[in-house]
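What follows is a short report on a single structure.
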Ligand SMILES: C[S@@+](CC[C@H](N)C(=O)[O-])C[C@H]1O[C@@H](n2cnc3c(N)ncnc32)[C@H](O)[C@@H]1O
């Protein structure tokens, strides 16, 4: 299992990312929802607070998961936070209708991306929706590991089991910059 340190990373802003809040208010989450690389849980907790029935946040970082579980208890919100490796999601033995990736895809390099995308496909219902919010290469002031639209299209294509619907410019807020860094918000359907 690959591990990364998580707590108080730049994207750990103590509230949901505005793009995810907006998506939730527009009804973008349906059915069983999973938050991939949930960190300390703000996005998952926000989605769960809307009353969706099955919600799982997973991460490899135990410290982040412990914080997420404590927040859920403090706020009286029911979310399952579990340890899982994004490269081996088939081990979960579950499928989800909506998959959220907020800041995970962009941490992986080329070969890891292919492995991750296949792993995601193994837990996403056919016709399910995957949302990816990642740092974009469309500067100025790009975040770390910026991703191009072309890289998204290469990763998520019909031969891999995905139809990339839209890629829209957005922002990812950080602890150091309220305005955040440029991001892509991609909506992708599982074939
Ligand atoms: C940039 S943070 C984003 C956290 C959260 N989604 C957010 O928006 O605040 C990326 C998260 O992915 C987790 N991560 C990295 N590699 C992972 C892997 N192989 N499996 C599961 N989670 C992983 C990290 O521990 C970290 O919490």
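Bear in mind that the values in this text are calculations on the coordinates, not laboratory data. Since the structure is predicted, the reported quantities are computational estimates derived from the model, not experimental observations. Virtual Cβ from ideal backbone geometry, glycine too; neighbours counted across all protein chains shown.
Under the rule of -39500 (n - 2.57) per DSSP H run of 4 or more residues, summed and divided by the residues of the chain, what mean residue ellipticity at 222 nm is obtained, to the nearest 500 deg cm²/dmol?
It comes out at -7500 deg cm²/dmol, rounded to the nearest 500.
Taking every pair of alpha-carbon atoms in the stretch 101-169, what share in percent sits in each 5 Å bin, from 0 to the bin with the longest distance?
Bin by bin from 0 Å, the calculated values are 3, 16, 30, 28, 15, 6, 2, 0.
Among 166-175, 106-115, 54-63, what's the highest-first ranking by average C-beta atoms within 10 angstrom per residue?
Highest-to-lowest ranking by the protection proxy: 54-63, 166-175, 106-115.
Please state, to two decimals, what the Cα-based radius of gyration of the chain comes to when divided by 2.2 N^0.38 Å (N = residues). Present the calculation step by step, with values, prior to reporting the outcome.
Working: Rg = 15.1 Å, N = 191, 2.2 N^0.38 = 16.2 Å.
It is 0.93.
First obtain the Kirkwood hydrodynamic radius of the stretch 29-118 from its Cα pairs, then insert it into the Stokes-Einstein equation at 10 °C and 1.306 mPa s, and state the resulting D in µm² per second as a whole number.
This corresponds to a translational diffusion coefficient of 120 µm²/s.
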